[in-house]
1. Of all residues in region B:309-328 being within 14 Å of chain A (Cβ to nearest Cβ) and part of a loop (DSSP other than H, G, I, E, B), which is nearest to residue B:268 (Cα to Cα)?
2. How do the strands (runs of 3 or more DSSP E) wholly within region B:204-280 filter down when requiring 3 or more residues that are at pLDDT 95 or above and within 14 Å of chain A (Cβ to nearest Cβ): which remain?
3. With the structure loaded, tell me whether residue B:123 is open to solvent by 50 Å² or more (accessible area, probe 1.4 Å) and touching a residue at least 24 places away in the same chain (Cβ under 8 Å) or whether it fails that test.
4. Residues of region A:15-31 being closer than 21 Å to residue A:110 by Cβ and surrounded by 23 or more Cβ atoms within 10 Å (Cβ to Cβ), which ones?
5. Looking only at region B:293-308, count every residue that is more than 7 Å from every other protein chain (Cβ to nearest Cβ) and either among the hydrophobic types (A, V, I, L, M, F, W, C) or in a loop (DSSP other than H, G, I, E, B) (or both) and tell me the total.
6. Mind checking whether some residue in region A:15-34 is within 13 Å of the chain's Cα centre (by Cα), away from every other protein chain (no Cβ under 14 Å) and more than 19 Å from residue B:205 (Cβ to Cβ)?
7. Please go through region B:359-377 and give me each residue that is open to solvent by less than 60 Å² (accessible area, probe 1.4 Å) and not aromatic (Phe, Trp, Tyr), ordered by number.
8. Residues of region A:67-99 being away from chain B (no Cβ under 12 Å), closer than 19 Å to residue A:34 by Cβ and either of a type outside the set (Val, Ile, Thr) or free of Cβ contacts under 8 Å to residues at least 24 places away in the same chain (or both), which ones?
Amino acid sequence: MDVTSQRTGGALIVSVEGRVDGANARKFQKAVESVIDDDDGAVILDMENLSYISSAGLRSILLIAKGLQKRNSQFAVCSLQDAIGEVFRIVGFDKIVTIHSSQGEAVSAMGS
Amino acid sequence: MNRPYKILVVDDEPDLEPLMLQRMRRHIRAGRYSFVFARNGLEALDRLNEDGDIDMVLSDINMPQMDGLTLLEQIPKVDPNIRSVIISAYGDMKNIRTAMNRGAFDFVTKPVDFKDLQITIERTLAHMMEWREALSYRDKLVSIQNELEVASRIQQSILPSEFPDDLRYQVYGNMEPARDVGGDFFDIMLLDEGQIGLAIADVSDKGVPAALFMMSCRTLLKGVAIGLTEPGAVLGEVNDLLHEDNETMLFVTVLYAVYNPSTGEFTYASGGHDAPLLIRSDGSVSLLPLTDGIALGVVPELEYKQHSITLGPGDTVVLYTDGVTEAQNTDGSAFEVDGLHQIFAGSSAYLKAREGTDLVFEKVREFMGEASQFDDITCLTLHRDN
């Protein structure tokens, strides 16, 4: 699992790579929080290179989203691989987390 | 530490006692050290046995009755946590080596340089304190481990171990936790008018917080299910109850179904849970449609949709958690829903509930091979008899 970030337009893009499961979900959450805490704008979590996420990882995303909601920052995820999209759909999180098909789409949606 | 460190000095030279007390007087007055003395190894062992609170031993080698090297071998039998320092003749490497091999922590040479001795004592005590601390952490870990094992047994014991005995249908479930305490559970409830409630659930994450959340989830589900007959309404109610004060954002995916044995009607609602597998009596296998519900505990005041099908004689429904479909083999590939399909494709109408559940566990284990189990594996099978 690896977390990197870059600023694009009005949003902070946080990219996660590899697997997020019970063993590293807290580490993942802390890594994301440490980059978004330096910022007060919108956050896009890019999952293009995320190959697997367990329910513990989904919970971390909920906690990240909750933190952003508290400070009134927009939050979205983008570029989900098919299997990850399926997990979001089964658990029903596609209804509570904004999902975009690409980073570009997410950035322009946040800008509007 | 409040009391002074107690040091046993063993030497047959009577002069050492007043000399030690005199040179160390400041540390004695400051309450850092206290000294007791013995004239040979035997006396020293008596002191160790009688006092019980000696922290370290400072011993000469050549003494009557029992020498220092023999004493070194005896000390661990009294208390393995006592540290010893040997006083040897200058350059007597043979005895020093023997002493170190027998577990002495350090040595000083004669004539004793008291400043050097004091540094050696401090080093020895520091080591001993670290050692004791490590031991106490180890003991705490062992006791936490024991408590987790008890928790695991409690958790296993709340799962149904006896299943309804009815000529019209069979139901059988099993759960295997990945760690000591897990987040999966299943339940079977006897409801009004001969109906039965079937639940399978998976709490996000593992370990103690997930286990506590799972226990409350199971209790709430049982309580609500007895009062309400519609699966969608049951999930809605449990969701609201779980959502109250859920700062931890733990959530649970639940599939809850009500089965009517008289009519074969099977009504289910999913709160973010995997779709059940339906095996018709002709051997055709399909996934039941999801009802688009969100996992419980995250968003309040949701309405959960439900869906009904009718099980014909010989039909089977398999409920499972993602521990089944996401089980990995040594190559890192997952069992997937396809794996489940393959187990049951073409199976006959004579497939029984227990056979179905056991078959899932058998095939998943076969698939995993030597790979370790990351998630709880749970399966609950319902079969309508012919």
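1. The extreme case among them is B:321.
2. Working: elements: B:252-260, B:265-271, B:277-279.
In region B:204-280, the matching strands (runs of 3 or more DSSP E) lie at B:252-260, B:265-271.
3. On the way: open to solvent by 50 Å² or more (accessible area, probe 1.4 Å): yes; touching a residue at least 24 places away in the same chain (Cβ under 8 Å): no.
The answer is no for residue B:123.
4. To start, the set of residues in region A:15-31 that are closer than 21 Å to residue A:110 by Cβ comprises A:15-16.
Residue satisfying the conditions is A:16 alone.
5. Step one: list which residues in region B:293-308 are more than 7 Å from every other protein chain (Cβ to nearest Cβ), which gives B:296-297, B:300-308.
Imposing the further condition that a residue be either among the hydrophobic types (A, V, I, L, M, F, W, C) or in a loop (DSSP other than H, G, I, E, B) (or both) reduces the set to B:296-297, B:300-306.
Of the residues in that region, 9 qualify.
6. yes
7. Correct list: B:359, B:360, B:364, B:368, B:369, B:371, B:373, B:375, B:376, B:377.
8. Here is the first cut: in region A:67-99, the residues away from chain B (no Cβ under 12 Å) are A:68, A:71-82, A:84-85, A:98-99.
Then drop every residue that is not closer than 19 Å to residue A:34 by Cβ, which leaves A:68, A:71, A:73, A:75, A:77.
Those that are away from chain B (no Cβ under 12 Å), closer than 19 Å to residue A:34 by Cβ and either of a type outside the set (Val, Ile, Thr) or free of Cβ contacts under 8 Å to residues at least 24 places away in the same chain (or both): A:68, A:71, A:73, A:75.
The values are calculated or read from the model by the stated rules, or taken from the named source; none is laboratory data. None of the values given here were measured: they were computed from a predicted structure. So basically every Cβ, Gly included, is an ideal-geometry build from the backbone, and we count neighbours across all protein chains shown. Ligands, DNA and RNA are excluded from the accessible area calculation, which covers all protein heavy atoms including side chains. Shrake-Rupley method; radii C 1.70, N 1.55, O 1.52, S 1.80 Å.
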